[in-house]
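Enquirer: Structure provided below as structure tokens; questions to follow.
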Amino acid sequence: DVKVTQSSRYLVKRTGEKVFLECVQDMDHENMFWYRQDPGLGLRLIYFSYDVKMKEKGDIPEGYSVSREKKERFSLILESASTNQTSMYLCASSRPDRGWDEKLFFGSGTQLSVL
Amino acid sequence: AQKITQTQPGMFVQEKEAVTLDCTYDTSDPSYGLFWYKQPSSGEMIFLIYQGSYDQQNATEGRYSLNFQKARKSANLVISASQLGDSAMYFCAMREGYGQNFVFGPGTRLSVLP
């Protein structure tokens with residue numbers, strides 16, 4: 001079974017802490033994404049990466065950074081966590097240029113609470 | 001402006017009945033793909049069905065079908081013979097142009113009643 005694995009299902013952190021959310025995929029996908037999910041807003045793209053060491057800002061990158069040192073791993077970093085970053089974070093991956101029906105594969109999500 | 005609109009925050013349906021979840025989209029690109037995902041309480045997003053902008057026929061996948069009305073920019077998901085396990089959040093999403101990114105709607109929470 002192909003998989004996108006997020007390191008934690010639930011995470012509780014304090015304001016000001018540096019937070020790392022890890023995502024690993026075993027499908028050899030070039031594209032990886034970090035989304036944030038909030039009620040009534042759907043999924044919003046934070047950052048994405050088309051290749052190792054490459055990153056592009058999404059719609060809401062403020063307060064976040066990412067790292068992609070290896071093809072299978074894409075990390076989301078909250079440099080100084082704030083309460084408004086309490087949310088569900090979803091990692092996804094996909095293959096590029098395989099046709100319009102190439103879909104996203106998602107991890108199970110990390111519910112982050114910042115106190 | 002919202003690119004994907006799902007006007008039903010919540011829906012109820014009786015078990016074994018059919019239900020339609022609405023999705024309208026906004027794009028000026030002639031090439032795009034439309035997707036529906038299901039998110040049960042476990043959190044993982046599950047791909048359900050895909051419709052391409054040039055597809056002549058409506059997509060079907062088992063009990064799921066997509067009512068694609070291109071001129072109205074509408075891509076409604078139809079679930080036939082609802083089951084209790086269909087209770088979940090449902091998201092409509094679009095991939096447009098040559099981009100690799102997906103835009104998601106706010107979702108519809110479906111509750112199937114026994």
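The values are calculated or read from the model by the stated rules, or taken from the named source; none is laboratory data. Predicted, not measured: the structure shown is a model, and the values here were computed from it. Because the Cβ atoms are built from the backbone with ideal geometry, glycine has one as well, and the counts that use them run over all protein chains shown.
Enquirer: B:MET94 passes all but one of (1) assigned to a loop (DSSP other than H, G, I, E, B); (2) in contact with a Lys or Arg (Cβ under 7 Å, 6 or more places away or on another chain); (3) of a type outside the set (Lys, Arg); which number fails?
Expert: Among (1) assigned to a loop (DSSP other than H, G, I, E, B); (2) in contact with a Lys or Arg (Cβ under 7 Å, 6 or more places away or on another chain); (3) of a type outside the set (Lys, Arg), the lone unmet condition for B:MET94 is (1).
Enquirer: Scan region B:42-61 for residues that are within 11 Å of chain A (Cβ to nearest Cβ) and more than 14 Å from the chain's Cα centre (by Cα) and jot them down.
Expert: Listed by number, the residues that qualify are B:SER42, B:GLY43, B:GLU44, B:SER53, B:TYR54, B:ASP55.
Residue by residue, here is whether (1) within 12 Å of chain B (Cβ to nearest Cβ); (2) in contact with a strand residue (DSSP E or B) (Cβ under 9 Å, 6 or more places away or on another chain); (3) surrounded by 13 or more Cβ atoms within 10 Å (Cβ to Cβ); (4) modelled with pLDDT under 95 holds:
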| site | (1), (2), (3), (4) |
| --- | --- |
| A:LYS3 | yes, yes, no, yes |
| A:THR15 | no, yes, no, no |
| A:LYS18 | no, yes, no, no |
| A:MET32 | yes, yes, yes, yes |
| A:TYR35 | yes, yes, yes, no |
| A:ASP51 | yes, yes, no, yes |
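Enquirer: Looking at region B:25-34 only, could you name the residues that are at the interface with chain A (Cβ under 8 Å from one of its Cβ atoms) and small (Gly, Ala, Ser)?
Expert: Correct list: B:SER31, B:GLY33.
Enquirer: Of all residues being away from chain A (no Cβ under 14 Å) and touching a Phe, Trp or Tyr at 6+ places or on another chain (Cβ under 7 Å) in region B:79-114, which is surrounded by the fewest Cβ atoms within 10 Å (Cβ to Cβ)? Just the residue, please.
Expert: B:LEU113
Enquirer: I've got another one for you. Is it the case that some residue within region A:37-48 is more than 14 Å from chain B (Cβ to nearest Cβ), in a strand (DSSP E or B) and surrounded by fewer than 16 Cβ atoms within 10 Å (Cβ to Cβ)?
Expert: Checked region A:37-48: no residue is more than 14 Å from chain B (Cβ to nearest Cβ), in a strand (DSSP E or B) and surrounded by fewer than 16 Cβ atoms within 10 Å (Cβ to Cβ).
Enquirer: While we're here: Could you please find all residues in region A:19-49 being closer than 16 Å to A:PHE106 by Cα and of a type in the set (Phe, Trp, Tyr)?
Expert: The answer is A:PHE33, A:TRP34, A:TYR35, A:TYR47, A:PHE48.
Enquirer: Do the conditions hold for A:PHE48, that is, is it in contact (Cβ under 8 Å) with a residue 60 or more places away in the chain and within 22 Å of B:GLY105 (Cβ to Cβ)?
Expert: Spelling it out, it is not the case that A:PHE48 is in contact (Cβ under 8 Å) with a residue 60 or more places away in the chain and within 22 Å of B:GLY105 (Cβ to Cβ).
Enquirer: Quick one: which of A:LEU112, A:LEU90 is buried (at least 20 other Cβ atoms within 10 Å of the Cβ), at pLDDT 95 or above and either under 10 Å from the mean Cα position of the chain (by Cα) or of a type in the set (S, T, N, Q) (or both)?
Expert: None of the other options fit; the residue is A:LEU90.
Enquirer: With the requirement that a residue be part of a strand (DSSP E or B), in contact (Cβ under 8 Å) with a residue 60 or more places away in the chain and surrounded by 13 or more Cβ atoms within 10 Å (Cβ to Cβ), what does region B:13-36 give you?
Expert: B:VAL13, B:VAL19, B:LEU21, B:TYR25, B:TYR32, B:GLY33, B:LEU34, B:PHE35
Enquirer: Additional query: What single numbered condition from (1) of a type outside the set (Ser, Thr, Tyr); (2) crowded, with 16+ Cβ neighbours inside 10 Å; (3) under 13 Å from the mean Cα position of the chain (by Cα) fails to hold for A:GLU56?
Expert: Every listed condition holds for A:GLU56 apart from (2).
Enquirer: Considering each of B:TYR37, B:TYR64 in turn, give the residue that is under 18 Å from A:LYS103 (Cβ atoms) and either within 11 Å of chain A (Cβ to nearest Cβ) or of a type in the set (Val, Ile, Thr) (or both).
Expert: The match here is B:TYR37.
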